[in-house]
Amino acid sequence: MADTENHDTKISRREAFGLSSAALAAAAALTMAGAKDAHASPQAQKPAAHNAPNEVDPGPQNLPLAAENPDSEWAPSTDHGTVKPFKASFSVSHKRVESGGWTRQVTARELPMSKDIAGVEMKLTAGGVRELHWHVEAEWAIMLNGNARITAVDQEGRSFVSDVGQGDLWLFPKGVPHSIQGLGPDGCRFLLVFDDGNFDEFQTFLITDWLSHTPKEVLAKNFNAPASTFDKIPKKELFIFQTGLPGPLEAEQAQGAQGTGTVPKRFDFKASTMQPTKVTRGGEVKIIDSKIFPVTPISAAIVTLKPGGLRELHWHPNADEWQYYITGKGRMTLFIAGSDARTMDFEEGDVGYVPISNPHYIENTGDSDLVFLEMFKTSEYQDISLAEWMAHTPHLLMDQHLGVGMSMLDSIPKQEMVITPV
Ligand code: MN
Ligand code: MN
């Protein structure tokens, strides 16, 4: 599969290879998109050059999907072997729509590799409620748009009621009952992350579903109240429903805390106002684990890569990584050992996955900031980078492997770069 792009200018591509005019137009559009994008990697610009006889595809082709996945269409020559897909998109998940909003999920059912973590997107209207419920798994969340009132009660009956805004996080420990309600003016849109790939947002313990499946006389005995008290419990789960806005925050907090007080460690975290953990010329990262958000069993890195920026070559020794792409475009190569590696492309609303200790990088291939989440089923964030490994191994030994030269090895920063250029 040699580079034959010099040949195709000498002959008519259409005559030689029977390309349809639609396919040629699409190829031209790809060329223009690549040329316009000053920060695109060589690979992102490559498809237009793939007109050698052994690379022609007369179709049928899903051209929009191909354009979104240039590294699958024409992989870098360094890719090799069979690597299971490590990408899924919320855009092809089923969306469940209810009166108070909608939700959809990417779990191990949609992305079989993602054993450790599942994700859920949700939109709630102003006044829309994600019904009071709980689940076996812990729930981590980031507010992507708008505002919400969240409530929870812990194992000591202690209360938590708070309002969260864009960029803020919350964590409901496993088994702790909770709710989420959209506030004005436009409700909210958020991402939920669960510490089990087989989690199912449609199979949680809902208060209405449970009580409608409990004999009314048992409810009457439980609360020492007439059975008729429970006549209005819905026969079918509410799940996400439209109702009025909540009461004043301080009044609801005081009501919840009567007799037992509030949870000793907050279930929310103001990531929006946190200082970045690391800033370089290529971007910045906020790392949020149990060191600064004590209740969380799930750690996170919120990464911003500027155009041309690179999340450096690295791996995570203590957990699989689940990624959610918030904005921008990027690509990642996953090396799974045994000579096998694959590169895939990601953009807004996509999910990526990296098994424990498998090395990878993420490169911004677009012309705007790339913002994404790295999520881990561990309370402590850990990574090891190629550069810090090389910097802190005897340079003679490293050079005997790679032949990069002693001065290059001496020049590697002694502290982890995280994002390049530094
Ligand atoms: Mn939940
Ligand atoms: Mn990583």
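The values are calculated or read from the model by the stated rules, or taken from the named source; none is laboratory data. The structure displayed is predicted, hence computed values, not measured ones. All Cβ positions, glycine included, derive from the backbone under ideal geometry; neighbour counts span all protein chains shown.
Annotations
- With respect to (1) surrounded by fewer than 18 Cβ atoms within 10 Å (Cβ to Cβ); (2) away from ligand 1 (no atom under 16 Å from the Cβ); (3) over 30 Å from Ala227 (Cβ atoms), the lone exception for Gly187 is condition (1).
- When Gly259 is tested against (1) over 30 Å from Gly309 (Cβ atoms); (2) among the small types (Gly, Ala, Ser); (3) not assigned by TED's automatic domain parsing to the domain that holds Ile117, exactly one condition is not met: (3).
- The set of residues in segment 135-177 being farther than 18 Å from Ala251 by Cα, touching a residue at least 60 places away in the same chain (Cβ under 8 Å) and crowded, with 20+ Cβ neighbours inside 10 Å consists of His135, Glu137, Ala138, Trp140, Ile142, Asp154, Asp168, Leu169, Trp170, Leu171, Phe172.
- Among residues of segment 189-210 that are in the same structural domain as Glu139 (by TED's automatic domain parsing), those with a beta-carbon under 8 Å from a residue that is of a type in the set (Asp, Glu) and within 16 Å of ligand 2 (Cβ to nearest atom) at least six positions away or on a different chain give the pairs Asp195/Asp116; Asp196/Asp116; Gly197/Asp116.
- Cβ pairs under 7 Å, 6+ apart, first in segment 351-374 and assigned to a loop (DSSP other than H, G, I, E, B), second among the small types (Gly, Ala, Ser) and within 14 Å of ligand 2 (Cβ to nearest atom): Ile356/Ala319; Thr365/Gly330
Rundown of residues vs (1) modelled with pLDDT under 95; (2) under 23 Å from the mean Cα position of the chain (by Cα); (3) outside the structural domain of Thr262 (by TED's automatic domain parsing); (4) within 16 Å of ligand 2 (Cβ to nearest atom), yes/no style:
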position: Leu111; (1), (2), (3), (4): no, yes, no, no
position: Asp116; (1), (2), (3), (4): no, yes, no, yes
position: Ala126; (1), (2), (3), (4): no, no, no, no
position: Ala138; (1), (2), (3), (4): no, yes, no, no
position: Asn147; (1), (2), (3), (4): no, yes, no, no
position: Gln155; (1), (2), (3), (4): no, no, no, no
position: Ser159; (1), (2), (3), (4): no, no, no, no
position: Asp168; (1), (2), (3), (4): no, yes, no, no
position: Phe172; (1), (2), (3), (4): no, yes, no, no
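- When Ile287 is tested against (1) over 29 Å from Gly81 (Cβ atoms); (2) under 16 Å from the mean Cα position of the chain (by Cα); (3) more than 13 Å from ligand 2 (Cβ to nearest atom), only condition (3) is not met.
- Of residues in segment 92-113 being outside any loop (DSSP other than H, G, I, E, B) and not hydrophobic (A, V, I, L, M, F, W, C), the one farthest from Glu347 (Cα to Cα): Glu98
- Annotation for segment 25-36: no member residue is surrounded by 12 or more Cβ atoms within 10 Å (Cβ to Cβ) and modelled with pLDDT of 80 or more.
- Pair list, Cβ < 7 Å and 6+ apart or interchain, from segment 381-403 residues that are assigned to a strand (DSSP E or B) to residues that are among the hydrophobic types (A, V, I, L, M, F, W, C): Ile384/Trp315; Ser385/Leu313; Ser385/Met417
- Close contacts from segment 232-256, counting a first residue that is assigned by TED's automatic domain parsing to the domain that holds Glu156 and a second that is polar (S, T, N, Q) and buried (at least 18 other Cβ atoms within 10 Å of the Cβ), with Cβ to Cβ under 6 Å and a gap of 6+ residues or different chains, come to Pro234/Thr208; Glu237/Thr208; Leu238/Thr208; Pro246/Gln181; Gly256/Ser159.
Each row is one residue, and each column tells you yes or no for (1) of a type in the set (D, E, K, R); (2) crowded, with 20+ Cβ neighbours inside 10 Å; (3) under 19 Å from Met143 (Cβ atoms); (4) in contact with an Asp or Glu (Cβ under 9 Å, 6 or more places away or on another chain).
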residue: Val279; (1), (2), (3), (4): no, no, no, no
residue: Gly283; (1), (2), (3), (4): no, yes, no, yes
residue: Ile288; (1), (2), (3), (4): no, yes, yes, no
residue: Lys291; (1), (2), (3), (4): yes, no, no, yes
residue: Val295; (1), (2), (3), (4): no, yes, yes, no
residue: Ile302; (1), (2), (3), (4): no, yes, yes, yes
residue: Trp315; (1), (2), (3), (4): no, no, no, yes
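- Wholly enclosed strands (runs of 3 or more DSSP E) of segment 247-311 bearing at least 1 residues within 16 Å of ligand 1 (Cβ to nearest atom), touching a Lys or Arg at 6+ places or on another chain (Cβ under 6 Å) and of a type outside the set (Asp, Glu): none
- Residue in segment 194-209 that is more than 24 Å from Ser91 (Cβ to Cβ), away from ligand 2 (no atom under 16 Å from the Cβ) and touching a Phe, Trp or Tyr at 6+ places or on another chain (Cβ under 7 Å) present: yes
- The set of residues in segment 364-374 being more than 10 Å from ligand 2 (Cβ to nearest atom) and surrounded by fewer than 24 Cβ atoms within 10 Å (Cβ to Cβ) consists of Gly366, Asp367, Ser368, Asp369, Val371, Leu373.
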